[in-house]
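Heads up: the structure comes next, in structure tokens.
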Amino acid sequence: MTASRKTPGTSPTQHPDASASAARPRRPGPPALPFIGHAWPLMRSPLRFVSALASYGDVVPVRLGPLPVQAVTHPDLVHQVLVTQARHFVRGRLFEKAGQIGGEQGLVVTSGTTHLEDRRALQPHFRREHITGFAEGIRQATEEVTAHWKPGQTVHVDRTATEIALSSLVRSLLGDRPSKELAGVFHQHLPTLSQGLMTRAVLPEWCARLPLPANRTFQRAIGTTRAAVEDAITACRRPGTDETGLLGMLTAQRDDNGRPWTDTKIRDHVLHLALAGVETTGATLAWTFHELGRNPDIADRLRDEVDHTLDGAPATPENITALPYTGRVITETLRRYAMWLAMRRTTVPVTLGEHALPAGTEVVYSAYALHHDPRWFPHPYRFDPDRWLPETARALPKGAYIPFGSGVHKCIGDSLALMEITIALATVCRHWHLTPLPGRPVREVARADVHPDHLPMTATPRRPRRKEEP
Ligand code: HEM
């Protein structure tokens, strides 16, 4: 199945440029302004800013407002931060901000023993044998969201994709009792929370305290979203309620003394899953439709594969295992539109290559920048699923392709996300052609993930071909 396929391109063969600090001239970091540091270019064109940092060296000093951070740009060193030296790092400022939104006990903010224990408790519920139970809900969510499309209609694929991701997550959380209220609250407020999170990480602390409408909207969004999740927990704890969803699993969880997890802890975990899992999956799905729309040859190959393999049947966890080309399209989308900023902080003095970082140093890495480094990905802005063919994929250094991160904090929802995207994609492609609207260029916007600023496309119905048809 696509969901469980091995990350391609990470063969152990050493890439010629793979060792960090390989005789490249080091330049001073990019020029910073007083007080706000690099906040201005980071707010104006963040993707260009982070992608340019590798030209200054493997570890580059940057200032997020008043906060000095070290940007790690070489895959080898990123791998050290995330995997081999991970025990010397905790979450950094960005993730602490996530704590202000989703609470302090969710996986996205915790580190060390607390993180490890909770991760061990949650991990089994994200394994293949468990998540396949969510597949039918994902397919239904996709059918429902696209059911009202009319031939020739302009559909806003960015919103549709987020709705599919949202509705799928709510179904996975609540099992057979999907709640329209919770979905509605997530739908209304998650984009505000996600955008606010990045703004708060980049701007000085005092900006968040100004009595501005944006700050008030943000605070309201936190309050309403927390209350909606608390209501869902109360409903789930009622005797006789179905416990097939992730929320049922969380309410059944016990600590070492046999006591049930508190409502606050469960609420934090749910909010963190929603914050980490909806916009990311929605954006990846939207970008996939965008790339298929502007690459008709790739779209034809993908549709042929889906038609031939599914042969008129709906997408299931079993039949999507035989969609290798679709898998490569998704792998390439995840490369092209990866998360643009993540953080860590050193807890002890750490040496990265030839750089000595004292304890307490904030460190950032950008999967987006790594995935657009031409040393590892020639013509990085070209969308080319065949770069992932086993015979053409170049040997990549560890840490060069990390759409889901790596190490102890690697995305817990990676398999779920891949299954979800594959099922949603196959379900839509069976019945619809989506073509871009001429003269409406689509821009990449850096929120917590990289989103299309808008994605209007024309929906034209199609009939899936069966195997026996020519
Ligand atoms: C295409 C979709 C997704 C992408 C690209 C993505 C990406 C990532 C990345 C890069 C990280 C690690 C960040 C770091 O280094 O600190 C991460 C962590 C995480 N993701 Fe995802 N994610 C996706 C979908 C999901 C889904 C569907 C869920 C859950 C329903 C989820 C839940 C989480 C959680 C809880 C963490 C924190 C894990 C930990 O620290 O133990 N993600 N994700």
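Just for the stretch 244-282: of the residues that are free of Cβ contacts under 8 Å to residues at least 24 places away in the same chain and assigned to a loop (DSSP other than H, G, I, E, B), which one is least open to solvent (accessible area, probe 1.4 Å)? Ranking the qualifying residues of the stretch 244-282, first place goes to 261. Of everything listed in (1) open to solvent by 50 Å² or more (accessible area, probe 1.4 Å); (2) within 16 Å of the ligand (Cβ to nearest atom), the single unmet condition for residue 366 is (1). Any residue in the stretch 264-273 that is more than 16 Å from the ligand (Cβ to nearest atom), of a type outside the set (Gly, Ala, Ser) and under 23 Å from residue 409 (Cβ atoms)? Scanning the stretch 264-273 turns up at least one residue that is more than 16 Å from the ligand (Cβ to nearest atom), of a type outside the set (Gly, Ala, Ser) and under 23 Å from residue 409 (Cβ atoms).
In the stretch 1-113, counting only helices (runs of 4 or more DSSP H) that sit wholly within it, the ones holding 1 or more residues that are modelled with pLDDT under 90 and small (Gly, Ala, Ser) span 39-44, 93-102.
Residue 166 falls short on exactly one of the conditions (1) over 30 Å from residue 343 (Cα atoms); (2) touching a His at 6+ places or on another chain (Cβ under 6 Å), and that condition is (1). Only residues that are within 19 Å of residue 163 (Cβ to Cβ) and either open to solvent by less than 10 Å² (accessible area, probe 1.4 Å) or touching a Pro at 6+ places or on another chain (Cβ under 8 Å) (or both): list them for the stretch 289-316, please. Selection gives 290, 293, 315.
Somewhere in the stretch 213-226, is a residue of a type in the set (D, E, K, R), in contact with an Asp or Glu (Cβ under 7 Å, 6 or more places away or on another chain) and either under 21 Å from residue 122 (Cα atoms) or not in a helix (DSSP H, G or I) (or both)? So that I can check it myself, show each step before the final result.
Step one: list which residues in the stretch 213-226 are of a type in the set (D, E, K, R), which gives 216, 220, 226.
Then keep just the ones that are in contact with an Asp or Glu (Cβ under 7 Å, 6 or more places away or on another chain); that gives none.
No: the stretch 213-226 contains no residue that is of a type in the set (D, E, K, R), in contact with an Asp or Glu (Cβ under 7 Å, 6 or more places away or on another chain) and either under 21 Å from residue 122 (Cα atoms) or not in a helix (DSSP H, G or I) (or both).
Looking at the stretch 210-219, can you tell me whether even one residue there is in contact (Cβ under 8 Å) with a residue 40 or more places away in the chain and either surrounded by fewer than 17 Cβ atoms within 10 Å (Cβ to Cβ) or away from the ligand (no atom under 15 Å from the Cβ) (or both)? Show your work before the answer.
The initial filter retains those residues of the stretch 210-219 that are in contact (Cβ under 8 Å) with a residue 40 or more places away in the chain, namely none.
No, that holds for no residue.
For the stretch 333-355, residues that are away from the ligand (no atom under 12 Å from the Cβ) and crowded, with 23+ Cβ neighbours inside 10 Å total 1.
The set of residues in the stretch 88-117 being among the charged types (D, E, K, R) and within 8 Å of the ligand (Cβ to nearest atom) consists of 91 alone.
Is it true that residue 408 is within 16 Å of the ligand (Cβ to nearest atom), closer than 27 Å to residue 156 by Cα and surrounded by fewer than 19 Cβ atoms within 10 Å (Cβ to Cβ)? No; evaluated as a whole, the condition is false for this residue.
Quick check, is residue 286 open to solvent by less than 10 Å² (accessible area, probe 1.4 Å), within 16 Å of the ligand (Cβ to nearest atom), part of a helix (DSSP H, G or I) and of a type outside the set (Val, Ile, Thr)?
Values: open to solvent by less than 10 Å² (accessible area, probe 1.4 Å): yes; within 16 Å of the ligand (Cβ to nearest atom): yes; part of a helix (DSSP H, G or I): yes; of a type outside the set (Val, Ile, Thr): yes.
The answer is yes for residue 286.
Taking the stretch 209-257 as the range and being over 24 Å from the mean Cα position of the chain (by Cα) and of a type in the set (D, E, K, R) as the test, the residues that pass are 209, 216, 220, 230, 231, 237, 238, 242, 243, 254, 255, 256. Selection of first residues in the stretch 321-340 that are over 20 Å from residue 280 (Cβ atoms) and touching a residue at least 60 places away in the same chain (Cβ under 8 Å) and of second residues that are buried (at least 23 other Cβ atoms within 10 Å of the Cβ) and not aliphatic (A, V, I, L, M), restricted to Cβ pairs under 8 Å at least 6 apart or on distinct chains, gives the following pairs, ordered by first then second residue: 321/2; 323/2; 323/422. Quick one: in the stretch 164-184, of everything that is more than 15 Å from the ligand (Cβ to nearest atom) and assigned to a helix (DSSP H, G or I), which residue is modelled with the highest pLDDT? Once the filter is applied, the top-ranked residue is 184. Would you say residue 460 is open to solvent by 10 Å² or more (accessible area, probe 1.4 Å) and more than 24 Å from residue 344 (Cα to Cα)? It is true that residue 460 is open to solvent by 10 Å² or more (accessible area, probe 1.4 Å) and more than 24 Å from residue 344 (Cα to Cα).
Per-residue answers, yes or no, for (1) in contact with a helix residue (DSSP H, G or I) (Cβ under 9 Å, 6 or more places away or on another chain); (2) at pLDDT below 95; (3) closer than 22 Å to residue 46 by Cβ:
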site	(1), (2), (3)
407	yes, no, no
421	yes, no, no
424	yes, no, no
428	yes, no, no
438	no, yes, no
463	yes, yes, no
468	no, yes, no
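Screening the stretch 388-405 for residues that are at pLDDT below 95 and open to solvent by 20 Å² or more (accessible area, probe 1.4 Å) and picking the one that is nearest to residue 116 (Cα to Cα) gives 398.
The values are calculated or read from the model by the stated rules, or taken from the named source; none is laboratory data. These numbers come from a predicted model, not from an experiment. Don't worry about glycine lacking a Cβ; one is built from the backbone with ideal geometry, like all the others, and counts go over all protein chains shown. Surface areas here come from the heavy atoms of the whole protein model, side chains and all, with no ligands, DNA or RNA. Shrake-Rupley method; radii C 1.70, N 1.55, O 1.52, S 1.80 Å.
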